[in-house]
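> For reference, the structure I am asking about is given below.
The values are calculated or read from the model by the stated rules, or taken from the named source; none is laboratory data. Only a predicted model underlies this, so the values are computations on that prediction, with no experimental measurement involved. Here the Cβ is made from the backbone with ideal geometry for all residues, glycine too, and neighbour counts use every protein chain on show. Remember, those area values only see protein heavy atoms, side chains included, never the ligands or the DNA or RNA. Shrake-Rupley method; radii C 1.70, N 1.55, O 1.52, S 1.80 Å.
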Amino acid sequence: MSNAKRDSKVLLVMAHPALEKSRANSLLWSASDGLDGVTRHDLYETFPDFVIDVPGEKKKLKEHDVIALQFPFYWYAMPALMKEWFDLVWLHGFAYGKGGDKLKGKKLFVATTTGGPTSAYHKLGYNHFTMEEFLRPLEQTADLCQMQWETPFVVHGARIKDAAALEAESQRYRARLAGLVGEKVEAES
């Protein structure tokens, strides 16, 4: 048995129904371009009619070590197509349940943007809950699928940040993705 290790393979799954209108998500998405070890996958570009290639998506998930999700935080959740993708692809017998160990040991990482400032995501803020609380369903999904939950990457106040602040966030995002790639996993022999 070999003890050889290799860099992690990251599948970056992005969902934004109007990416061309988004300053923040466009910059984050651009920041991931050209990163070795990162496979970029835009759900709205690939499945504009919401007809998801379930076998193809399962294959992509199995081929990567880190499943990274990027989306704007709409109505305290992910955009509709990403939810549909979860509902159709992350099935019993594949992602969880009897025989559902295909994602076991992989990492789940979330990157999201909010329109409101950090202060809004607090017990005393107008959203009353923290981002950790809002993202708990995804954290539980990772747990159910025997995945490792990674600390989320959150850009608050995306609609009010100036260009320099958004550029700094995009560089921080690129560094975080590169860090995920740099985490070693057992090489297959």
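> Dipole magnitude of the chain about its Cα centre, charges +1 at Lys/Arg Cβ and -1 at Asp/Glu Cβ only, in debye to the nearest 20?
Once rounded to the nearest 20, the dipole reads 260 debye.
> Using the beta-carbon distance between residue 87 and residue 21 and R0 = 35 Å, what value does 1/(1 + (r/R0)^6) give for FRET efficiency, to the nearest 0.05?
0.85
> Given that compact globular proteins tend to follow 2.2 N^0.38 Å, what is the ratio of the alpha-carbon Rg of segment 39-135 to that value?
1.23
> Now for a separate question. How large is ³J(HN,Hα) for each residue in segment 92-105, as worked out from phi by the Karplus curve 6.51 cos²θ - 1.76 cosθ + 1.60 (θ = phi - 60°), to whole Hz, x for Gly and Pro?
Result, ordered by residue: 4, x, 10, 9, 7, x, 4, x, x, 10, 6, 10, 4, x Hz.
> Follow-up question, since we're still on this one. Per residue, what accessible area does the chain have, given a 1.4 Å probe and all protein chains present, in Å²?
52 Å²
> Now for a different question. Farthest toward the dipole's positive end in the chain, which of 70, 156, 179, given Cβ charges of +1 (Lys, Arg) and -1 (Asp, Glu) about the Cα centre?
Going by the Cα projections, it comes out as 179.
> Related question: Based on DSSP H runs of at least 4 residues, each adding -39500 (n - 2.57), what is the mean residue ellipticity at 222 nm of the chain after dividing by all its residues, to the nearest 500 deg cm²/dmol?
-10000 deg cm²/dmol
> Something else: Rank 149, 29 by accessible area, highest first, at a 1.4 Å probe radius?
Greatest to least solvent exposure: 149, 29.
> Leaving out same-chain residues fewer than 8 places away, which lysines sit with a Cα under 22 Å from that of residue 161?
The reachable lysines, counting only those whose Cα sits under 22 Å from residue 161, are 21.
> Something else now. What lysines could a cross-link reach from residue 102, if we take a straight Cα to Cα line under 27 Å and drop same-chain neighbours fewer than 8 places away?
5, 9, 58, 59, 60, 62, 83, 184
> Roughly how much of residue 143 is accessible, in Å² to the nearest 10, using a 1.4 Å probe?
100 Å²
> Still on this model: Could you tell me the distance between the Cα centroids of segment 62-123 and segment 152-189, to the nearest Å?
So the two Cα centres are separated by 16 Å.
> Expected output is a single nm value to one decimal: the length gained when fully extending between residue 183 and residue 140, i.e. 0.36 nm times separation in residues minus the C-alpha distance. What is it?
Working: separation 43, 0.36 × 43 = 15.48 nm, distance 2.27 nm.
So the extension gain works out to 13.2 nm.
> Measure of size requested: the Rg and Dmax of segment 70-189, with Cα atoms as the atom set and Å as the unit; please supply both.
Radius of gyration, then largest Cα-Cα span, for segment 70-189: 16.3, 53 Å.
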